[in-house]
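Single-structure report; data block below.
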Amino acid sequence: MKRFLICVAVSILLASCAKSSAPHNLDAERIRAHTEYLCLEIGDRPTGTEKERAACNWLEEQLEAMGFSSQTGSLARIPFHGLFELTSENLIATCNPGSEGPILCVMAHYDSVEGSPGARDNASSVAVLLELARYLGPERESLKGEIRLLFLGSEENGYHGASAYVNGLAEEERIRHLAVFNMENSAASPGPGSILTCGTLGGVTDGAYQEGNFLEPLPNLASRALSQAYEALYRGDPLPLFHRGMSDHVIFHQAGIEAANISWRFLDQDGLITVPPEYHLPTDVPETMDFDAGAVTGECILGAAERLIGQ
């Protein structure tokens, strides 16, 4: 409990230190604006609906304006069938396409549950992913490998976007996947209970992929890199680690690829870590969120990427 309280105290300080500890200059106001567009202009985005397709159209336009292009191999839009044969789409923007180095994935799903604008789940994460795309661009020589930014559809009814991506990998590609960072709840609910956490299901130990459990969450390459980046950027304790599924990183775990979920959670009065109270509700709207926390999430991911494939 003491460790949790220390982490909460650190999280309270993040809003004030995020801009001064932001070497990549991620823009919290742009993260806010993109979250607001998804939630207020498009609205709820259930799988297979016109609104989910409208979100994908808008995301594609934003990425093309940043220089990503299907002609150069840095942008791909891939339809797939999910639950009840509903059609959804994955949008993949790639930094350093064709690199012979390792592959890192950063992902966020852009669909939402019906009736919820989904600011926390998961428009804010999509907005952070757009901000990472703006920073990285189609090429970044300082990173020796591919970074694939996965805007995934159809998460809410069974992780179908992640399954479509993993099932489409050639074996050589799968082996090259070094680490995967999955974002959920990327902008915090303001208040003293807001805390940044990391979740894993398994990782490589002694040369073999192993599964963790609730009593002994297993750190992996992705979670270690995130925690080290967080400590270096914000002089905080390591990120609290949990054995946690319930998102797209489950599919990568099942394929033996080291993946971690990074998300803002809520520490309640009994000391339990929970999702924010607005989760999956009509009240999950942008005006109730702290977008400096979204910039913190993005800074940690970029810091982790630089540790893994930087010069």
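State whether segment 15-96 is rounded, prolate or oblate according to the following rule on the C-alpha gyration tensor (a ≥ b ≥ c being the square roots of its eigenvalues): a/c under 1.5 gives rounded; otherwise a/b larger than b/c gives prolate, and the remaining case gives oblate.
oblate
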Legend entry - Dipole-positive endmost among Gly48, Leu239, Ser154 within the chain (Cβ charges, Cα centre): Leu239
Legend entry - Fewest-first ranking of Ile257, Ile175, Ile92, using other Cβ atoms within 10 Å as the exposure measure: Ile175, Ile92, Ile257
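Which of Arg176, Arg235 has the fewest other C-beta atoms within 10 Å, and how do the rest follow up to the most?
Least to most surrounded, the residues fall as Arg235, Arg176.
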Inset, instruction - Just need the relative contact order of segment 131-226 here, percent rounded to a whole number, with Cα pairs under 8 Å and 6+ apart. - result: 15
Legend entry - CD proxy at 222 nm, helix term only [per DSSP H run n ≥ 4: -39500 (n - 2.57); per residue of the chain; nearest 500]: -10500 deg cm²/dmol
Inset, instruction - Sort 109-117, 180-188 for me by packing, meaning the mean count of neighbouring Cβ atoms within 10 Å per residue, highest on top. - result: 180-188, 109-117
Inset, instruction - Could you please report the charge total around Arg176, scoring K, R as +1 and D, E as -1 over all other residues with beta-carbon less than 12 angstrom from its beta-carbon? - result: -3
Legend entry - Mean-position separation - Cα centroids, segment 264-308 and segment 105-134, in angstrom: 12
Legend entry - the chain, relative contact order in percent, only Cα pairs under 8 angstrom and at least six apart counted: 25
Legend entry - Bridge type composition, segment 2-309 - antiparallel percent by DSSP, nearest 5: 55
Legend entry - Percent RCO, i.e. relative contact order, over segment 232-311, from Cα pairs under 8 Å lying at least 6 residues apart: 17
Inset, instruction - In vacuum, with every alpha carbon of the chain counted as one equal point scatterer, what does the Debye formula give for log10 I(q)/I(0) at q = 0.11, 0.12, 0.14, 0.16 Å⁻¹? Two decimals, please. - result: -0.59, -0.72, -1.02, -1.39
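Ranking request for peptides 222-232, 263-273: highest mean number of other beta-carbon atoms within 10 Å first, then the rest in descending order.
222-232, 263-273
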Inset, instruction - Can you give me the P(r) profile for segment 172-311? Cα pairs, bins 5 angstrom wide beginning at 0, each as a whole percent. - result: 2, 10, 19, 22, 20, 14, 8, 3, 1, 0
Legend entry - Spin-label proximity, Ala65 to segment 29-49 - amide N less than 20 Å from point 7 Å beyond Cα toward beta carbon: 29-43
Inset, instruction - Would you mind ranking Thr200, Thr35, Thr274 by Cβ crowding within 10 Å, fewest neighbours first? - result: Thr274, Thr200, Thr35
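Only the coordinates and a few stated rules stand behind these numbers; no lab work does. Everything numeric in this text was worked out from a predicted model, so none of it was measured. Using ideal geometry, Cβ is built from the backbone for each residue, glycine included, and neighbour counts are taken over all protein chains shown.
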